[in-house]
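S.K.: One structure, as structure tokens, below. Some questions next.
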């Protein structure tokens with residue numbers, strides 16, 4: 001009853017405002033009707049209805065406004081009925097579970113089914129999530145001691161996933177609560193990679209620095225007046241500083257590659273000319289390692305879209321590794337040919353050595369930063385452990401792929417597939 005009275009008062013207020021806003025129009029209308037009555041001889045029976053129609057016409061917008069407001073309210077009511085909890089939960093991309101005061105599941109969205117499986121209305125949450133942190137979270141929210149809370153939770157099966165779980169009540173007096181699971185797995189993986197990278201880089205730089213510091217101390221002490229020892233130590237120090245310089249250069253290259261967006265195809269690169277340049281630049285290294293580099297290039301144009309300097313760096317890294325680590329094979333074969341494996345159109349560049357090969361268990365990780373099959377051999381060959389990681393980043397920017405095939409004792413083949421469009 002009170003709501004109806006308030007609504008009537010509101011309508012009356014709107015009508016009064018409409019009349020006040022139309023006051024000058026009403027005055028003009030009244031004057032016009034009176035003039036017509038005086039000079040045109042209009043009957044009094046016409047005069048009175050005409051005067052009464054003026055305020056009625058002024059109030060018509062108010063009635064329309066009321067009708068419009070009622071229509072809007074009706075539309076909103078229908079929309080709110082359609083926006084049930086089920087529809088809202090389905091619109092959330094993260095796993096979401098609605099439960100009641102007994103910690104029993106009322107509803108779970110599709111993301112929750114996909115993430116946890118075996119979830120259905122009527123299932124007890126404490127039986128599904130037995131971790132102590134989840135039990136504490138549910139107890140705190142259901143007891144009413146906290147309105148909402150957040151904990152970290154790790155799901156072990158089918159694969160390990162890390163979640164940031166938040167729990168809160170739904171509205172007031174509904175006796176319903178909601179759990180939302182934010183997947184943190186990728187963020188934590190990146191954090192671990194960053195921490196491992198810093199630790200590895202620090203270790204790689206600390207080793208030559210410690211060596212240089214030790215030789216400096218020796219040169220200033222026992223070897224102060226020993227020309228032969230001084231020359232030997234200075235040579236080692238020079239080698240160590242060169243190693244640090246190469247490591248820093250590779251780190252800067254990786255940093256620049258990670259900051260660049262994906263390469264937009266545009267510039268054409270002649271692979272024949274680029275790979276020829278790489279072979280010529282590494283000819284002294286091949287002679288030093290007693291390795292013969294053989295060419296096997298297909299006829300016709302061998303062009304791909306890309307950045308010539310970056311592709312030069314890719315083939316330089318791969319061919320340098322082949323000459324160093326496949327040295328015992330005595331030769332390296334570099335072939336370029338259009339792809340014929342039925343995949344997307346492209347050109348394959350294959351660098352094959354005939355050295356000791358790579359054990360199968362190392363192949364999946366060989367492009368990781370600082371990953372080495374044999375640490376001592378890598379350092380002897382002045383490797384930084386970053387070359388293949390740089391190759392992988394450059395090829396990713398070119399929408400290309402690297403395939404590694406190897407058999408222990410028979411060498412290794414590194415295949416680069418570059419799309420032609």
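S.K.: Spot the failing condition for residue 153; the list is (1) touching a strand residue (DSSP E or B) at 6+ places or on another chain (Cβ under 8 Å); (2) more than 18 Å from residue 94 (Cβ to Cβ), and only one is missed.
M.R.: Failed condition: (2).
S.K.: Please work out if residue 406 is at pLDDT 80 or above, assigned by TED's automatic domain parsing to the domain that holds residue 344, more than 24 Å from the chain's Cα centre (by Cα) and surrounded by 15 or more Cβ atoms within 10 Å (Cβ to Cβ). Reasoning before the result, please.
M.R.: Working: at pLDDT 80 or above: yes; assigned by TED's automatic domain parsing to the domain that holds residue 344: yes; more than 24 Å from the chain's Cα centre (by Cα): yes; surrounded by 15 or more Cβ atoms within 10 Å (Cβ to Cβ): yes.
Yes, satisfied.
S.K.: Look through 394, 390, 351 and report the one residue that is modelled with pLDDT of 80 or more, closer than 23 Å to residue 276 by Cα and part of a strand (DSSP E or B). I'd like the intermediate steps shown before the answer.
M.R.: On the way: 394 fails: part of a strand (DSSP E or B); 390 fails: part of a strand (DSSP E or B).
Just a single option satisfies the conditions, and that option is 351.
S.K.: Then there's this: Quick one: count up the residues across segment 389-419 that are in contact with a strand residue (DSSP E or B) (Cβ under 8 Å, 6 or more places away or on another chain) and farther than 17 Å from residue 347 by Cβ.
M.R.: We begin by selecting, within segment 389-419, every residue in contact with a strand residue (DSSP E or B) (Cβ under 8 Å, 6 or more places away or on another chain); these are 391-392, 395, 398-406, 411-419.
This time we only want the ones that are farther than 17 Å from residue 347 by Cβ, so: 392, 404-406, 411-412.
Looking only at that region, the number is 6.
S.K.: Let me ask another. If we keep just the residues of segment 299-324 that are out of contact with any helix residue (DSSP H, G or I) (no Cβ under 7 Å at 6 or more places or on another chain) and either surrounded by 19 or more Cβ atoms within 10 Å (Cβ to Cβ) or part of a helix (DSSP H, G or I) (or both), which is modelled with the highest pLDDT?
M.R.: My answer is 322.
Residue-wise test of (1) at pLDDT 85 or above; (2) more than 30 Å from residue 222 (Cα to Cα); (3) in contact with a strand residue (DSSP E or B) (Cβ under 6 Å, 6 or more places away or on another chain).
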site	(1), (2), (3)
243	no, no, no
247	no, yes, no
257	no, yes, no
261	no, yes, no
268	yes, yes, yes
271	yes, yes, yes
276	yes, yes, no
279	yes, yes, yes
290	yes, yes, no
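S.K.: Only one of 296, 309, 340 is more than 39 Å from the chain's Cα centre (by Cα) and either over 17 Å from residue 269 (Cα atoms) or assigned by TED's automatic domain parsing to the domain that holds residue 414 (or both). Can you tell me which? Explain how you work it out, then say what you get.
M.R.: Working: 309 fails: more than 39 Å from the chain's Cα centre (by Cα); 340 fails: more than 39 Å from the chain's Cα centre (by Cα).
Result of the check over 296, 309, 340: 296.
S.K.: On to the next question. Given the conditions (1) modelled with pLDDT under 80; (2) not assigned by TED's automatic domain parsing to the domain that holds residue 150, and given that residue 174 satisfies all but one, which numbered condition is not satisfied?
M.R.: With (1) modelled with pLDDT under 80; (2) not assigned by TED's automatic domain parsing to the domain that holds residue 150 applied to residue 174, the lone miss is (2).
S.K.: Can you tell me which residues in segment 169-187 are more than 28 Å from the chain's Cα centre (by Cα) and outside any loop (DSSP other than H, G, I, E, B)? Full working, then the answer.
M.R.: Residues of segment 169-187 that are more than 28 Å from the chain's Cα centre (by Cα), as a first pass: 169-177.
Once the filter is applied, which keeps residues that are more than 28 Å from the chain's Cα centre (by Cα) and outside any loop (DSSP other than H, G, I, E, B), segment 169-187 yields 169, 176, 177.
S.K.: Which ones in segment 274-285 are in contact with a helix residue (DSSP H, G or I) (Cβ under 9 Å, 6 or more places away or on another chain), in a helix (DSSP H, G or I) and either outside the structural domain of residue 319 (by TED's automatic domain parsing) or closer than 22 Å to residue 337 by Cβ (or both)? Break it down into steps so the answer makes sense when it comes.
M.R.: To start, the set of residues in segment 274-285 that are in contact with a helix residue (DSSP H, G or I) (Cβ under 9 Å, 6 or more places away or on another chain) comprises 274-275, 277-279, 281-282, 285.
Right, trim to in a helix (DSSP H, G or I) and you get 274-275, 277-279, 281, 285.
274, 275, 277, 278, 279 - these are the residues of segment 274-285 that are in contact with a helix residue (DSSP H, G or I) (Cβ under 9 Å, 6 or more places away or on another chain), in a helix (DSSP H, G or I) and either outside the structural domain of residue 319 (by TED's automatic domain parsing) or closer than 22 Å to residue 337 by Cβ (or both).
The values are calculated or read from the model by the stated rules, or taken from the named source; none is laboratory data. Just so you know, these numbers come straight off a predicted model, no measurement behind them. Positions of Cβ are backbone-derived with ideal geometry, glycine not excepted, and every protein chain shown enters the neighbour counts.
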